[in-house]
Amino acid sequence: MLFSELAEMFDRLESTSSRLEMTDILAEYFSGIDPKYIRQTIYLSVGRLHPDFVPLELGMADKLVLRAISTVSGRSLSEVEDMWVKTGDPGEVAEVLTQSKKQMTLFSEPLTFEGVVDSLLKIESASGKDSQDRKTKILSRMLSDSGPLEARYLCRIVTGRMRVGAGTMTVMDALSQAFASKDDRPDIERAFNITCDMGLVAETLAENGMDGVRAIKVAVGSPVKVMLAERLRSLPDIMARMGGKCAFEYKYDGIRVQAHIRKGPDGFVKLYSRRLEDLTSNFPDIGEALAAQLRGKEAIIEGECVAYDPAEDSLLPFQNVTHRRKKHGMSKAVEDVPVRIFMFDMLYRDGEDLTLKPYPYRRMLLESSFSESENEGYDRLGYSERAVIGSEEEARKFFDTAIGSKCEGIMAKSLGQDSVYRAGSRGFLWIKYKKDYTQALVDSFDLTVVGAFYGMGKRAGVYGALLMAAYDPDTGRWGTACKLGTGFDDAFLAALPGMLEKYKTDKKPSSVDAEMVPDVWFVPGLVLEVTAADISISPIHTIACGAVKEGAGLGLRFPRFTGRVRDDKTPEQCTTAAEIVEFYEMQDERDVESVEEAERASEDGPADE
Ligand code: AMP
């Protein structure tokens, strides 16, 4: 297959913002190609060669790419750089300049799909001395064989700028349209949620149909999308929702880790964050302890890693464990910041996929899977504190003890037969109840940045405010929820442009619904924690549009950045449209003082009212 066919499909995708059209384009393409190309097509559409959880990335520096474009087009480097400064996109520069090059090259051969993948793999694995030169040469060779469209996508792929706009939801719709039926869509989604590998799911579907997809199981080494909790504001609401009886667990304030453990000669331990980042090197002590104390051969468990003070025998706040997320100085951090893991779930053990088993069974297996032996002065492994509770009064007591033990709150967990591990979804099988909710304080939301407004006055030269969006898992789209201009300190404002650079895009991302037009657009990526006093029906914001009032969305009033960057969350794990609606509906019960308090805290007042 020629690479130009893929480039043309990318171009068609990019030229529409209609999700239905994108689905049709993809479905037509998938059904027309040999199944052996499907897996890489999926990875390449997001600028990768592997599933997201494999840390390898192409990430070629713009400078190298510009050098390759200059060599191939015969234009001077400064001419190429000038054009790049104007467009900000090496893909566009390559597209324009290779047009003129075409007349000059006589011996070019068309690029094949396999040839491109092979060359990209070589670029990715090039390391050591001369690796920059080798990468540039490989790219130059491809560029001299490519037409304008192919050049555009090659340069975007190698610089990590691939954004054709088709999200995971659209890809899954297209797969079911091409190879199965609408009714099969949930099974396709489940297969993706338990493997985090759309390429694998698509290839299996194209080659073995739905039977193959249904046979996909959780596997050690392949992260599973995490299950998330809903929230309710009062214990009676939680007890009622749980049918009067449920398990409660402490809600620890640390970093969630999904541990994949295999013992024996082919053994390994991998720790993944809830964003599927590899955290193994951040918690080597936890990895070792898990492998040493696991009774079986293989397991996938989940727990919260919390910083711990062995002398005082007490838990430390979240900020402490974040030292373990640093890239450098890890051995010192391991020494300085002792961490314990509180295990709360088990997804797999010795050949048995547990994700469809009820929670009490999973928990029972978890508790029998690790030996109790103490190690090195303090015990690194523990199970989350837990009690089965049947009354509001007991729940209140449990909550108070959790807070007394320096936890954030508690998690209610359903004991029902249907209490499966719902990979990748937020639902009422788990309900969180936090300290904040009880203090008539403001609520917190995790929102992703989709736009920025240039600052004025003392914020001239930096971004002065951000356009923030929440996620709607039903549509796979983000809708704006507020313009955020409060709670930033100078250091954060100075760092923001750098943090957002890789998400910058020249037009509104097709997965975002927005009425407000910022100075700069970003694809959903960076997640920030925001508090708000209140939620109101909004004529400008688009999240939960139509849910409360026809033609109107919901907006956060008096939003304020808490100072916490949620780099442990993906933009799909942001606060959802349904949660925002729920907050809106719960407001009547809320204390007016909390609104006034937030109004006072919000120095600049509501940015968009
Ligand atoms: P939130 O981040 O507010 O949506 O709360 C959900 C998070 O609470 C999970 O992703 C875990 O990181 C954390 N957590 C702490 N303790 C528990 C527990 N016992 N069970 C489940 N999740 C927990």
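For the reader, a short list of remarks on this structure follows.
- Count of residues meeting criterion [within 22 Å of residue 52 (Cβ to Cβ) and buried (at least 21 other Cβ atoms within 10 Å of the Cβ)] in segment 278-302: 7
- Selection within segment 417-435 - touching a helix residue (DSSP H, G or I) at 6+ places or on another chain (Cβ under 9 Å), part of a strand (DSSP E or B) and more than 9 Å from the ligand (Cβ to nearest atom): 428, 429, 431, 433
- Among the residues examined, residue 275 does not qualify as open to solvent by less than 30 Å² (accessible area, probe 1.4 Å), touching a residue at least 60 places away in the same chain (Cβ under 8 Å) and either among the charged types (D, E, K, R) or part of a helix (DSSP H, G or I) (or both).
- Condition met for residue 127 (outside any helix (DSSP H, G or I) and out of contact with any strand residue (DSSP E or B) (no Cβ under 6 Å at 6 or more places or on another chain)): yes
- Scanning segment 53-72 for residues that are in a helix (DSSP H, G or I) and either under 22 Å from residue 270 (Cβ atoms) or β-branched (Val, Ile, Thr) (or both) yields a total of 4.
- Only one of 479, 464, 457, 485 that is away from the ligand (no atom under 16 Å from the Cβ) and open to solvent by 20 Å² or more (accessible area, probe 1.4 Å): 457
- Boolean, residue 81 is of a type in the set (D, E, K, R) and touching a residue at least 12 places away in the same chain (Cβ under 8 Å): yes
- Summed over segment 243-260, residues that are in contact with a helix residue (DSSP H, G or I) (Cβ under 6 Å, 6 or more places away or on another chain) and surrounded by fewer than 24 Cβ atoms within 10 Å (Cβ to Cβ) total 1.
- Annotation note: Cβ proximity below 9 Å between a residue of segment 455-469 that is in the same structural domain as residue 498 (by TED's automatic domain parsing) and assigned to a loop (DSSP other than H, G, I, E, B) and a residue that is at pLDDT below 80 and open to solvent by 70 Å² or more (accessible area, probe 1.4 Å) (sequence gap 6+ or interchain) occurs for 455/461.
- Every residue from segment 423-453 that is touching a Gly at 6+ places or on another chain (Cβ under 6 Å) and either of a type outside the set (D, E, K, R) or at pLDDT 85 or above (or both): 433, 434, 453
- Complete set of residues in segment 402-436 that are open to solvent by 20 Å² or more (accessible area, probe 1.4 Å) and more than 18 Å from residue 254 (Cβ to Cβ): 415, 416, 417, 418, 420, 422, 424, 425, 426, 428, 429
- Residue-level check: of (1) at pLDDT below 95; (2) within 25 Å of residue 122 (Cα to Cα); (3) in contact with a Gly (Cβ under 9 Å, 6 or more places away or on another chain), residue 19 misses just (2).
- Any hit, segment 95-115, residues being small (Gly, Ala, Ser), in the same structural domain as residue 61 (by TED's automatic domain parsing), at pLDDT below 95 and within 22 Å of residue 8 (Cα to Cα): yes
- Checked against the criterion of being under 30 Å from residue 428 (Cβ atoms) and either modelled with pLDDT of 95 or more or of a type outside the set (S, T, N, Q) (or both), segment 332-339 has no qualifying residue.
- Within segment 517-574, strands (runs of 3 or more DSSP E) holding 2 or more residues that are within 14 Å of the ligand (Cβ to nearest atom) and open to solvent by less than 30 Å² (accessible area, probe 1.4 Å): 527-532
- Flag if residue 194 is modelled with pLDDT of 95 or more, outside any helix (DSSP H, G or I), away from the ligand (no atom under 16 Å from the Cβ) and open to solvent by less than 40 Å² (accessible area, probe 1.4 Å): no
- Some residue of segment 199-213 being free of Cβ contacts under 8 Å to residues at least 40 places away in the same chain and of a type in the set (S, T, N, Q): yes
- Among the conditions (1) free of Cβ contacts under 8 Å to residues at least 60 places away in the same chain; (2) closer than 23 Å to residue 364 by Cβ; (3) of a type in the set (Phe, Trp, Tyr), residue 250 misses just one, which is (1).
- The residues of segment 308-323 that are assigned to a helix (DSSP H, G or I) and in contact with a strand residue (DSSP E or B) (Cβ under 6 Å, 6 or more places away or on another chain), listed by number, are 320, 321.
- Residue, modelled with the highest pLDDT, within segment 22-47, restricted to residues that are open to solvent by 30 Å² or more (accessible area, probe 1.4 Å) and part of a loop (DSSP other than H, G, I, E, B): 34
- Hits in segment 223-266 (condition: at pLDDT below 95, small (Gly, Ala, Ser) and away from the ligand (no atom under 14 Å from the Cβ)): 234, 264
The values are calculated or read from the model by the stated rules, or taken from the named source; none is laboratory data. Note that the structure is predicted; figures quoted are calculated from it, not measured. Note: ideal-geometry Cβ built from the backbone for every residue, glycine included; neighbour counts use all protein chains shown. With ligands, DNA and RNA removed, areas are computed over all heavy atoms of the protein, side chains included. Shrake-Rupley method; radii C 1.70, N 1.55, O 1.52, S 1.80 Å.
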